[in-house]
Amino acid sequence: MSSIKRWVAALALASVVPFAFSGCYGHFPLVRTVYKFNGSVTVGGPKVTGVVQSILMILMAVFPVYGLSFLADVIVFNLIEFWSGRPVFTAHEGPDGSKVTMRSLDQNTMEITLEKDGKSSTYYALRDKPSEIFVIRNGQWVPVDASYIDAGELRAVTVREGEKVIDSRMQLREEAIQAEDKFSQIEAEMDAQAIR
């Protein structure tokens, strides 16, 4: 076989092997992160922002930011997700600027971290107790209760551990409903991961 044919065969094999062993389908977290970054750029009004985002997308395609992100997702992150059965990371930004990060600790336990304004709270969900949320206190699983009260356009959210309030915040009711919808999407993603 000539050296050119060997080189072409090696290149073809190298391009197929990652797809064959990665399970190809995954959440593509790095590509999504780049895409969210591109969509978060705002300059001036909506039309100027749209133009800037389009130019940025073209630049990130020419300088292969999207391509390298895709390659890293296919070869590394989707492969890890496929073999572990869990996403490498799942993070979502809420409409109020809060960040929700969910991480599977094992097949039955999910860690949920909420970050806003420099404050962080960590909660846990257990597969065998789907309607409850927990915190860990002194090595013990302690159930917490989250409740809210709507007052016109506002919603007051309170998280209690027994009688003690451990977190509370006020937000626009519309933002809270959007956050609930987003949380439902996150739950559906995690359920889909459990099925795989």
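So which residues in region 123-149 are acidic (Asp, Glu) and surrounded by fewer than 11 Cβ atoms within 10 Å (Cβ to Cβ), if there are any at all? Within region 123-149, Asp128 is the sole residue that qualifies.
If you go through region 36-53 and keep only what is free of Cβ contacts under 8 Å to residues at least 12 places away in the same chain and in a helix (DSSP H, G or I), you end up with Phe37, Ser40, Pro46, Lys47, Val48, Thr49, Gly50, Val51, Val52. Do we have Leu56 as in a helix (DSSP H, G or I) and either loosely packed, with under 14 Cβ neighbours inside 10 Å or modelled with pLDDT of 85 or more (or both) here? Yes, satisfied. Thr158 meets each of the listed conditions (1) in contact (Cβ under 8 Å) with a residue 12 or more places away in the chain; (2) out of contact with any Ser or Thr (no Cβ under 6 Å at 6 or more places or on another chain) apart from (2). Taking only region 98-131 into account, find how many residues are of a type in the set (Ser, Thr, Tyr) and outside any strand (DSSP E or B). Qualifying residue count for the region: 1.
The values are calculated or read from the model by the stated rules, or taken from the named source; none is laboratory data. Owing to the predicted nature of the structure, the values given are computational and were not obtained by experimental measurement. Please note: Cβ atoms are built from the backbone with ideal geometry, for glycine as well, and neighbour counts cover all protein chains shown.
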